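Enquirer: Pasting a structure below so you can have a look.
The values are calculated or read from the model by the stated rules, or taken from the named source; none is laboratory data. Small disclaimer: the values here were computed from a predicted structure and weren't measured. Cβ placement follows ideal geometry from the backbone for every residue including glycine, while neighbour counts extend to all protein chains displayed.
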Amino acid sequence: MILKQLHLHNFRNYDDLTVDFAPGVNVLIGENAQGKTNLLEAVYALALTRSHRTSNDRELINWQAHEAVLSGSVEKRTDTVPLELHFSAKGKKAKVNHLEQSRLSQYVGQLNVIVFAPEDLSLVKAGPAVRRHFMDLEFGQMSNKYLYNSGQYKTALRQRNEYLKQLRSRRQSDRVFLQVLSDQVAALGAEIIVARAAFLKQLEKWAQVIHGDISLQKEQLRFQYATQVTLDDDLKVEDVYQALLELLTKNEDREIDHGSTLYGPHRDDLIFLVNDKNVQTYGSQGQQRTTALSVKLAEIDLMKEQTGEYPVLLLDDVLSELDDDRQTHLLTAIQNKVQTFLTTTSLSGIARQLINAPTIFRIAHGTLEKETEETNETKTDEQVDSSSETE
Ligand SMILES: Nc1ncnc2c1ncn2[C@@H]1O[C@H](COP(=O)(O)OP(=O)(O)OP(=O)(O)O)[C@@H](O)[C@H]1O
C-alpha cells in the first residue's frame, strides 16, 4: 500500500499542509526541531489513531488550536481509500471512505505502518512489557479480531484487578463474582495467547531467513514464546482457556493478597535465541541489534503475507544508529518493495549511495519543500537548452 497524499491541519507545528508522496523512498531532511518526526508521527497516527511517542492526544494538537485533523488517501492493490481523523478535547473521530467508524478497532488496518526508531533497537534488551507492546501493536494491525480482543482483555483485567483489591480490603466478599471475572479474563486471554503463538511462528520463519543473511549464515535465530500455560503444537483456544481458568481459580488467595492478576497474556514474554542461547543474556550488542533488525524486517514480510499488502515503513532517524553493513541490509531489503519515510538531518554515506532515486523533502519550521530528481533533471535540461541557444 502507498500513502499517496497526506493533509495535516493544526497537527503539532504544522498549520495546514498537503503533501503528495512518492511510492519509493521519501526522505525528510531538516535541522533539529523543525518537524521531521512530527510528520512521521502524523503518518503513524493516521494509521493507528494514536502517536508512537505519546499517549496523550492533546499533545498532537497545535498549541494555538482546539482540534487537529489528519487526512490522507491510501492506494491499495484494488482501490484507493480516503482516511480522516479528528483529535479534540472531546476525543477522536475516525472516518473511512468519509463514513465515521463507531469503533476505532474498525478503522485500524486501513493503513498499515511499521515504525523503526532508535529505541526499537533495544527490543531484545528492554523489559518484557516492550515486547508485549510490540506484539500487540503489530498483530493488532494484521487482525481486527486480535486488536478487539486485546482491548477487551485490558478492560476485563482492569475490572478483575480492581475487584481483587476490593476483596483484599474487604470492601467486597463475593467470590462468585470473582469467578465471573476470571472466566472473562481466561476466555479473552486464551484468544490472545493462541493468536500470538500463531503470529510468532510466522514471524520467526521470516526473521530466521533475514538473520541468516545478515550473519552470513553463521547464526540461527529462534523465537521462544514464554507464556504461563503449556503450549502444544496443536493449540486450541478451548484448552488454553481451561488451563488459564484453572491457574486463576487455584491462585485466587494469592492474587487477592497481591491485589492483582498474576496469570494471563499480560505476563507473557518473547525470548530470542541465537544459536540456542538467549541473546538477551548472552548476545553481544551487535547480535542484539541484528536480532532487532531481523524482527523489524520480518514484520514487513509477515504483514504482506497476512494482509496481502506491504505496509508503509517509517524510519525515524534510525540509519545513524546502524553500521554500514546493517544499513545496507535494511536499505536493500526495502527498496522497490515498500514505501518508506525516512527522517534525517543529512543524507550521507552508504544511504546516499544506496537509495535509488529518493524523493527529498526539506523541512523547516513546519513547512515542506520538495526536491526531486525530476525537477533537478528538468533544471539541468533547461540550463543545457539555454546554453545551446546562447552558442
Ligand atoms: N502541539 C504542538 N504545537 C506546536 N508545536 C509543537 C507541538 N508539539 C511539538 N511542537 C514543536 O515541534 C518541534 C519538534 O518537531 P520534531 O519533533 O518533528 O523535530 P525533528 O525535526 O524531528 O527534530 P530532531 O531531529 O531533533 O528529532 C519543536 O519545535 C516543538 O516545539
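Enquirer: Out of all the residues in the stretch 113-166, which are closer than 19 Å to MET303 by Cα and small (Gly, Ala, Ser)?
Expert: Of everything in the stretch 113-166, those that are closer than 19 Å to MET303 by Cα and small (Gly, Ala, Ser) turn out to be ALA117, GLY140, SER143, SER150.
Enquirer: While we're on this one: So, LEU164, is that one in the same structural domain as HIS266 (by TED's automatic domain parsing) and crowded, with 21+ Cβ neighbours inside 10 Å or not? Step through it out loud before you land on a result.
Expert: Working: in the same structural domain as HIS266 (by TED's automatic domain parsing): yes; crowded, with 21+ Cβ neighbours inside 10 Å: yes.
Taking the combined requirement at face value, the residue satisfies it.
Enquirer: While we're looking at this one, here's another question. Could you list all residues from the stretch 121-146 that are among the charged types (D, E, K, R) and either free of Cβ contacts under 8 Å to residues at least 24 places away in the same chain or assigned by TED's automatic domain parsing to the domain that holds GLN327 (or both)?
Expert: Kept after step one, since they are among the charged types (D, E, K, R), are these residues of the stretch 121-146: 125, 131-132, 136, 138, 145.
Hit for the stretch 121-146 is ASP136, nothing else.
Enquirer: Can you find a residue that is in the same structural domain as SER173 (by TED's automatic domain parsing) and part of a helix (DSSP H, G or I) anywhere in the stretch 221-236? Break it down into steps so the answer makes sense when it comes.
Expert: Within the stretch 221-236, the first condition is being in the same structural domain as SER173 (by TED's automatic domain parsing), and the residues that meet it are 221-236.
Then keep just the ones that are part of a helix (DSSP H, G or I); that gives none.
Within the stretch 221-236, not a single residue is in the same structural domain as SER173 (by TED's automatic domain parsing) and part of a helix (DSSP H, G or I).
Enquirer: Against the definition (surrounded by 16 or more Cβ atoms within 10 Å (Cβ to Cβ), in a strand (DSSP E or B) and under 21 Å from the mean Cα position of the chain (by Cα)), how does SER51 come out, yes or no? Steps first, answer last, please.
Expert: Working: surrounded by 16 or more Cβ atoms within 10 Å (Cβ to Cβ): yes; in a strand (DSSP E or B): no; under 21 Å from the mean Cα position of the chain (by Cα): yes.
No; evaluated as a whole, the condition is false for this residue.
Enquirer: Out of everything in the stretch 210-225 that is under 21 Å from the mean Cα position of the chain (by Cα) and touching a residue at least 60 places away in the same chain (Cβ under 8 Å), what residue ends up being surrounded by the most Cβ atoms within 10 Å (Cβ to Cβ)?
Expert: Among those that are under 21 Å from the mean Cα position of the chain (by Cα) and touching a residue at least 60 places away in the same chain (Cβ under 8 Å), it is HIS211.
Enquirer: Determine if the stretch 81-95 includes at least one residue that is surrounded by fewer than 17 Cβ atoms within 10 Å (Cβ to Cβ) and closer than 30 Å to PRO358 by Cα.
Expert: yes
Enquirer: Right, another one. Condition test on ARG77, is it farther than 22 Å from LEU319 by Cβ, buried (at least 18 other Cβ atoms within 10 Å of the Cβ) and in the same structural domain as LEU331 (by TED's automatic domain parsing)? Let's see the steps before the verdict.
Expert: Numbers: farther than 22 Å from LEU319 by Cβ: yes; buried (at least 18 other Cβ atoms within 10 Å of the Cβ): no; in the same structural domain as LEU331 (by TED's automatic domain parsing): yes.
For ARG77, the condition - farther than 22 Å from LEU319 by Cβ, buried (at least 18 other Cβ atoms within 10 Å of the Cβ) and in the same structural domain as LEU331 (by TED's automatic domain parsing) - is not met.
Enquirer: Can I ask one more? Give me the pairs, please: first residue somewhere in the stretch 58-79 and touching a residue at least 60 places away in the same chain (Cβ under 8 Å), second residue anywhere and in a loop (DSSP other than H, G, I, E, B) and more than 16 Å from the ligand (Cβ to nearest atom), beta-carbon distance under 6 Å, and either six or more positions apart or on two chains.
Expert: Every condition considered, the pairs that remain are VAL74/MET1; VAL74/LEU111; LYS76/MET1; LYS76/GLU309.
Enquirer: Working only within the stretch 14-39, note down all residues that are touching a Phe, Trp or Tyr at 6+ places or on another chain (Cβ under 8 Å), assigned to a helix (DSSP H, G or I) and within 22 Å of ILE355 (Cα to Cα).
Expert: LEU39
Enquirer: Name every residue in the stretch 7-40 that is within 7 Å of the ligand (Cβ to nearest atom) and without any contact (Cβ under 8 Å) to a residue 60 or more places away in the chain, in order of residue number.
Expert: Within the stretch 7-40, just ALA33 meets the criteria.
Enquirer: Please identify the pairs in which a residue from the stretch 177-194 that is more than 21 Å from MET135 (Cβ to Cβ) has its Cβ atom under 9 Å from the Cβ atom of a residue that is modelled with pLDDT under 95 and surrounded by fewer than 21 Cβ atoms within 10 Å (Cβ to Cβ), counting only partners at least 6 apart or on another chain.
Expert: That search, which allows pairs on different chains as well, returns LEU178/GLN172.
Enquirer: Go through the stretch 55-86 and report how many residues are away from the ligand (no atom under 12 Å from the Cβ), under 20 Å from the mean Cα position of the chain (by Cα) and not hydroxyl-bearing (Ser, Thr, Tyr).
Expert: Within the stretch 55-86, residues that are away from the ligand (no atom under 12 Å from the Cβ), under 20 Å from the mean Cα position of the chain (by Cα) and not hydroxyl-bearing (Ser, Thr, Tyr) number 8.
Enquirer: Identify all residues within the stretch 291-340 that are in contact with a Ser or Thr (Cβ under 8 Å, 6 or more places away or on another chain), among the β-branched types (Val, Ile, Thr) and crowded, with 24+ Cβ neighbours inside 10 Å; write none if there are none.
Expert: Scanning the stretch 291-340 gives a single hit, VAL312.
Enquirer: Identify all residues within the stretch 52-61 that are out of contact with any Gly (no Cβ under 9 Å at 6 or more places or on another chain) and at pLDDT 95 or above; write none if there are none.
Expert: So in the stretch 52-61, the residues out of contact with any Gly (no Cβ under 9 Å at 6 or more places or on another chain) come out as 52-56, 58-61.
Selection gives ASN56, ARG58, GLU59, LEU60, ILE61.
Enquirer: Run down ALA117, ALA94 and say which single residue is of a type in the set (Gly, Ala, Ser) and under 21 Å from VAL318 (Cα atoms).
Expert: Values: ALA94 fails: under 21 Å from VAL318 (Cα atoms).
None of the other options fit; the residue is ALA117.
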